[in-house]
Amino acid sequence: MSASPQPLVNDWDALEKESHLEWDLDSITNRREAIDFLRRFENRLCIYSGFVEKLYSAYSFVVPEDDERGALTILPDERNWHDTFHDIPACAVEETGIHIMPGETMGHAGLYLKIPGLNRLAGSKELPFREGLKDLVQRYKAAGDTFLPVLVKGDLREYESRLPSLHLHRVRLDRLEHLSALSRQMLRRAIADHLIALFQHHS
């Protein structure tokens, strides 16, 4: 005899309880500077939510009226349903150790990428954003992979000197074999299009 079905949970109640699209900024020293830094990437990097296993490519940041309190909320654009990708398990989204940082952390202008070495013995390197992005695309391509960076809740952090930084996660297509080839292609294109736009914006 099969087990009786579990009562359905109200989606909105679940979302509010988990707050999976709210970023707690309590650990950030300069909230205003951190929020301003994050907004530079609004709709230029896709955002992943492990709670609902969705990837959002169209969204907006809702900033609390009080700069000193409250969590920043990510508001997906539900009108564009094709900009949301479903059934993306957490195992398909992994940390990269790569950080986007203001150049001020190294006495320069513009954005920089802090890229870890290929192995534990190799030190990380800091490169201007465009140069670093090219390096990453080539590195992953040489390994037979694709660099598909996304943001995850908590990726907004503070680097040395209390300047904001963004840690990057990435989507692994080889762990999405349960999706159709067309769905994987559309997801890859969406992330790549955002990446190209970000690249061009910082040209």
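Does Leu179 satisfy being surrounded by 13 or more Cβ atoms within 10 Å (Cβ to Cβ) and out of contact with any Phe, Trp or Tyr (no Cβ under 8 Å at 6 or more places or on another chain)? Answer is yes for this residue. Applying the criterion of being under 21 Å from Met186 (Cα atoms) and among the polar types (S, T, N, Q) to the residues of the range 61-90, the residue that is modelled with the highest pLDDT is Thr84.
Among the conditions (1) within 24 Å of Ile115 (Cβ to Cβ); (2) loosely packed, with under 14 Cβ neighbours inside 10 Å; (3) at pLDDT below 75, the only one that Glu42 does not satisfy is (3). Here Gly107 meets each of (1) in contact with a strand residue (DSSP E or B) (Cβ under 7 Å, 6 or more places away or on another chain); (2) free of Cβ contacts under 8 Å to residues at least 40 places away in the same chain; (3) at positive phi with one exception, condition (1).
In this structure, Ile98 qualifies as of a type in the set (A, V, I, L, M, F, W, C) and within 24 Å of Leu72 (Cα to Cα). Among all positions in the range 185-202, there is no residue which is assigned to a loop (DSSP other than H, G, I, E, B), under 29 Å from Glu53 (Cα atoms) and either out of contact with any Leu (no Cβ under 9 Å at 6 or more places or on another chain) or at pLDDT 85 or above (or both).
Can you tell me which of (1) without any contact (Cβ under 8 Å) to a residue 12 or more places away in the chain; (2) under 16 Å from Arg189 (Cα atoms) is the one Leu55 doesn't meet? Against the list (1) without any contact (Cβ under 8 Å) to a residue 12 or more places away in the chain; (2) under 16 Å from Arg189 (Cα atoms), Leu55 comes up short only on (1). Of the strands (runs of 3 or more DSSP E) contained entirely in the range 32-107, those carrying at least 1 residues that are under 29 Å from Tyr140 (Cα atoms) and of a type in the set (Phe, Trp, Tyr) fall at 47-49, 54-56, 59-62.
The values are calculated or read from the model by the stated rules, or taken from the named source; none is laboratory data. What you are looking at is a predicted structure, and each value in this text was computed from that prediction instead of being measured. As a convention, Cβ positions derive from the backbone with ideal geometry for all residues, glycine included, and neighbour counts pool all protein chains shown.
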